Amino acid sequence: MKPFAVTYRDYIEKVGKVNDSNFSLETIARVERPLAFLYQDWFKVDLQGLQRLPNEGPVLIVGNAGGIMPWAGVMLMYALMSDKQHPRKLHILADLDWIEDERLYNFLREIGFVPWNADNAKRLFAEGQTVMMFPEGSAGAMKPFAERYRVRSFDWTNLLPAVEMKIPIVPLATLGPDESFPMGANIEPLAKLLSLPAFPLTATFPWLPFPMNIFALPIQWKMRALKSCDYEVGESRDEIEESAKRQALFLEGEIQAELNRMLRARLRKVR
Amino acid sequence: MVNVPDFTSLSKEQAAANLARRNPSFYNRYAGKDDEFGFKLETFAMWEPVFRFLYEEYFKVTFHGLDNIPDEGRALIVGNHSGLLPLDGAMVAMAGVNHCASPRRIRFLATDWFFGIPGLREWCMETGQVRATLDNAEKLLAQEEIVGVYPEGIRGVGKTFRERYRMHDWHPGFVKLAIATQTPIIPIATVGGDEIFPNFHNGKTLAQLLGMPFFPMTLTFPWLPFPMPFMPLPVRWIFRIHKPMDLGYPPERASDRKLVSRISKEIQYMVQKDLNELLRERKSAFSGWED
């Protein structure tokens, strides 16, 4: 705890003021070393564009899902936490209902995951927090390898709370997770049987025993936060929904276009 | 057994007579009219069976939303470009000629390179392509024609196989044109074109040396003797045509760069979304969307 307290003084000062019984700094301190290893040495994340986040006030970050678990969110969480200028806490809105294991659920809550629903989202925005979300849903995270880096359509209803409150939305394109966790197929009947959201088949899962089966290939990740797009929102419900639909399409396109650009740059570099 | 049409022994007059018999409404609409961009119905009639064969028998093209192409009046067709030889434009033109309720000639704006090669230049002009300049586009739209534009430009045609169906960023000039001339925009997504000539490498040095926009290397291209490299793979094609979009901005807004680039992006993202969806639903490149 001691070295953590020294390195992350600003972060702790900022987070300590927030009254959130589910969040735990001890847990963060415990996972800091493995996260740093993943971020710096394993995935070698190259994250650009953090200066595009507003320094004050609420912001919603939407990203492309991939790689079964929301690893992009966890990496961004580490990046924001260890940011020198503006350290901050990231709340990741995700579907946690399927988790039956109490310990896993509590652990995820303690590092900053928040169960997805509109009330939670609105509460976080009202508190002026930095929130991340994957509007593709679990279908996006379970993309087979052949469909890597093809964004599934964004669910505009997920954006409604943010659009309603006129929160700036920053798109974040992540190149890497789809190849770090190459997935062959998703066995849906088995997933239903085990009441899991999905049952992926990868090179290691479910064949190898526990810690080995979540093995990730050491792909170099690239993450780009893009320009937040300003939008106008009317007062009536119809106008809000119309605006959310437009935003969903635009954000999806921005992320897909950036992924295309990054992939193309990588192809050029390899040659 | 596919019936390959006999298009080698026909004279221009016979070809025109065949077209008049087979598709009288198209023939009557455009016969005997002078065209300032050099369209010749006889030449078109001679080549039409070749592309009709590709359309109907070889690629087995499917169009969704073909009735969104208007019977009368101008429109601007935009879409994703593909396929080394721009056959996607030819397929859209074929749909306009043979499969619309009211047959239309769809004229594509083609890159300067085609117009720098002596034989090709005449062929392009006589089959209805127009050199891509803003002037020409405005003239065509003033004549109430349908104009096809690929805002990706020549980069889109030269995509390598690994980049298939990942669009380059669009040049927003088409939105400017549409707002200035008050033309509805019809976005089209094309799946199939990027796989007919799998391109593994774009040679930069050779391209510069030969003055080509790019020098592709495919399974067949520089290696095999002449007609063989131009045999496309029999991939199934699908087109998704959107409803004509009336942008609803007054012509003065055409110089508003922020607005123009925003609309251009929105249309680009719409087409990319279609591509992603269509690809996901596809069973395989050669069997297409049915089992």
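The values are calculated or read from the model by the stated rules, or taken from the named source; none is laboratory data. Just so we're clear, the structure is a prediction, and the values are computed from it rather than from any experiment. Virtual Cβ from ideal backbone geometry, glycine too; neighbours counted across all protein chains shown.
Brief remarks follow.
- Of all residues in the stretch B:181-204, those satisfying the criterion of being in contact with a strand residue (DSSP E or B) (Cβ under 8 Å, 6 or more places away or on another chain), on the phi < 0 side of the Ramachandran plot and either polar (S, T, N, Q) or away from chain A (no Cβ under 14 Å) (or both) are B:Thr183, B:Pro184, B:Ile185, B:Ile186, B:Ile188, B:Thr190, B:Phe197, B:Pro198, B:Asn199, B:Asn202.
- Breaking point among (1) on the phi < 0 side of the Ramachandran plot; (2) modelled with pLDDT under 85, for B:Gly211: (1)
- Scanning the stretch B:21-37 for residues that are within 29 Å of B:Phe115 (Cβ to Cβ) and either free of Cβ contacts under 8 Å to residues at least 60 places away in the same chain or over 18 Å from the mean Cα position of the chain (by Cα) (or both) gives B:Asn23, B:Phe26, B:Tyr27, B:Arg29, B:Tyr30, B:Ala31, B:Gly32, B:Lys33, B:Asp34, B:Asp35, B:Glu36.
- Any hit, the stretch A:238-249, residues being closer than 30 Å to A:Ile99 by Cβ and within 14 Å of chain B (Cβ to nearest Cβ): yes
- Condition check for B:Ala178: part of a helix (DSSP H, G or I), out of contact with any helix residue (DSSP H, G or I) (no Cβ under 6 Å at 6 or more places or on another chain) and either within 14 Å of another protein chain (Cβ to nearest Cβ) or surrounded by 17 or more Cβ atoms within 10 Å (Cβ to Cβ) (or both): yes
- Residue within the stretch A:120-127 that is in contact with a strand residue (DSSP E or B) (Cβ under 6 Å, 6 or more places away or on another chain), farther than 19 Å from A:Pro58 by Cα and aliphatic (A, V, I, L, M) present: no
- Residue in the stretch B:44-51 that is closer than 12 Å to B:Gly128 by Cα, in contact (Cβ under 8 Å) with a residue 24 or more places away in the chain and either among the small types (Gly, Ala, Ser) or part of a strand (DSSP E or B) (or both) present: yes
- Test: B:Leu233 is aliphatic (A, V, I, L, M) and free of Cβ contacts under 8 Å to residues at least 60 places away in the same chain: yes
- Residue satisfying all of: in the stretch B:89-129; of a type in the set (S, T, N, Q) and crowded, with 19+ Cβ neighbours inside 10 Å; nearest to B:Phe39 (Cα to Cα) among these: B:Thr127
- Residues of the stretch A:31-50 that are surrounded by fewer than 16 Cβ atoms within 10 Å (Cβ to Cβ) and under 18 Å from A:Pro211 (Cβ atoms): A:Arg33, A:Pro34, A:Phe37, A:Asp41.
- The listed residue being part of a helix (DSSP H, G or I), small (Gly, Ala, Ser), closer than 25 Å to A:Phe250 by Cβ and touching a residue at least 12 places away in the same chain (Cβ under 8 Å), out of A:Ala65, A:Ala29, A:Ala36, A:Ala72: A:Ala72
- Only a single criterion out of (1) surrounded by fewer than 19 Cβ atoms within 10 Å (Cβ to Cβ); (2) more than 30 Å from A:Gly184 (Cα to Cα) is not satisfied by A:Val59, namely (1).
- Note on the stretch B:64-107: residues that are among the charged types (D, E, K, R), closer than 18 Å to B:Tyr150 by Cβ and assigned to a helix (DSSP H, G or I) amount to 1.
- Those residues of the stretch A:122-157 which are within 30 Å of B:Glu163 (Cα to Cα), of a type in the set (S, T, N, Q) and not in a loop (DSSP other than H, G, I, E, B), in sequence order: A:Ser138
- Residue in the stretch A:97-109 that is surrounded by the most Cβ atoms within 10 Å (Cβ to Cβ), counting only those that are at pLDDT 90 or above and more than 21 Å from A:Thr174 (Cβ to Cβ): A:Arg109
- Top-ranked residue in the stretch B:32-47 [being among the charged types (D, E, K, R) and out of contact with any helix residue (DSSP H, G or I) (no Cβ under 6 Å at 6 or more places or on another chain); ranked as surrounded by the fewest Cβ atoms within 10 Å (Cβ to Cβ)]: B:Asp34
- For the stretch A:213-271, the set of residues classified as in contact with a Gly (Cβ under 9 Å, 6 or more places away or on another chain) and farther than 24 Å from A:Leu38 by Cα consists of A:Lys227, A:Ile240, A:Glu242, A:Ser243, listed by residue number.
- Index of the failed condition, A:Gly112 passing every other in (1) among the small types (Gly, Ala, Ser); (2) within 15 Å of A:Pro58 (Cα to Cα); (3) surrounded by 20 or more Cβ atoms within 10 Å (Cβ to Cβ): (2)
- Residue that is closer than 23 Å to A:Gln256 by Cβ and either surrounded by fewer than 21 Cβ atoms within 10 Å (Cβ to Cβ) or hydroxyl-bearing (Ser, Thr, Tyr) (or both), where the choices are A:Pro135, A:Pro182: A:Pro182
- Some residue of the stretch B:267-278 being in contact with a strand residue (DSSP E or B) (Cβ under 6 Å, 6 or more places away or on another chain), outside any helix (DSSP H, G or I) and within 14 Å of chain A (Cβ to nearest Cβ): no
- Residue within the stretch B:245-258 that is within 14 Å of chain A (Cβ to nearest Cβ), assigned to a helix (DSSP H, G or I) and free of Cβ contacts under 8 Å to residues at least 12 places away in the same chain present: yes
- Candidate set from the stretch B:146-172 (those that are more than 14 Å from chain A (Cβ to nearest Cβ) and surrounded by 22 or more Cβ atoms within 10 Å (Cβ to Cβ)); member that is farthest from B:Pro216 (Cα to Cα): B:Ile146
- Count - residues of the stretch B:234-250 that are out of contact with any Pro (no Cβ under 7 Å at 6 or more places or on another chain) and over 20 Å from B:Glu281 (Cβ atoms): 5
- Count - residues of the stretch A:252-271 that are surrounded by fewer than 19 Cβ atoms within 10 Å (Cβ to Cβ) and either among the charged types (D, E, K, R) or within 7 Å of another protein chain (Cβ to nearest Cβ) (or both): 8
- Residue that is surrounded by the fewest Cβ atoms within 10 Å (Cβ to Cβ) [pool: residues in the stretch B:236-264 that are acidic (Asp, Glu) and either at pLDDT 95 or above or farther than 20 Å from B:His171 by Cβ (or both)]: B:Glu252
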